[in-house]
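> Pasting a structure here, questions to come.
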Amino acid sequence: MPQTVPFDVEKLDEPRQEQVKGVTVTLHASPYDLPDGALKTYDPKQQRLVLRLRYIGSPERSVSVRRDDTELKFGNETGRIFEIIVAPASDEDSAFTKAIAALTAENLPKGNRDIIVAALKQQRSRLFDFQPDE
């Protein structure tokens, strides 16, 4: 049975300071780049954990990138990560480590990558317990 795992969106929006033409400004992520949760499913046939991230706004075309036994699907236009597919892992820690390694290895927009890594850390135990669906 698919399980929806919510994220605390306010905690994902870490403000950052940047200098713009000599003025220090505080920047926040667009609400469209902050996932509000993930739909977690387990594919018993391929023994893979599938995390589908939910965003506000319209869906877009996605591009798949594979790294070892983890697959990422991200928006062709925005770079938002829409899906993380993790192949079998011996435990929660290895599944989490595989997902983080794939996210940090790909040439994704830094802000988006950091947001997704923070979201996965926020709900690590609920997302990566790797228990087959009932």
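> Kindly indicate which of E60, E83, E134 is at pLDDT 85 or above and in a loop (DSSP other than H, G, I, E, B).
Residue meeting the stated conditions: E60.
> List the residue pairs whose Cβ atoms are under 6 Å apart, where the first residue sits in region 1-20 and is of a type outside the set (S, T, N, Q), the second is part of a strand (DSSP E or B) and exposed (fewer than 10 other Cβ atoms within 10 Å of the Cβ), and the two are 6 or more positions apart or on different chains.
P15/T26
> For region 61-99, how many residues meet the condition of being acidic (D, E), in contact with a Lys or Arg (Cβ under 8 Å, 6 or more places away or on another chain) and under 25 Å from V9 (Cα atoms)? First the steps, then the outcome.
So in region 61-99, the residues acidic (D, E) come out as 68-69, 71, 77, 83, 91-93.
If we keep only those that are in contact with a Lys or Arg (Cβ under 8 Å, 6 or more places away or on another chain) too, we end up with 68-69, 77, 83, 92.
Going one step further and asking which of them are under 25 Å from V9 (Cα atoms), we end up with 77, 83, 92.
Adding up the residues that qualify gives 3.
> Quick one: count up the residues across region 4-53 that are in contact with a Leu (Cβ under 7 Å, 6 or more places away or on another chain), surrounded by 11 or more Cβ atoms within 10 Å (Cβ to Cβ), charged (D, E, K, R) and assigned to a strand (DSSP E or B).
Number of matching residues: 3.
The values are calculated or read from the model by the stated rules, or taken from the named source; none is laboratory data. Being a predicted model, the structure only gives us computed values, none of them experimental. Backbone-built Cβ (ideal geometry, glycine too); neighbour counts: all protein chains shown.
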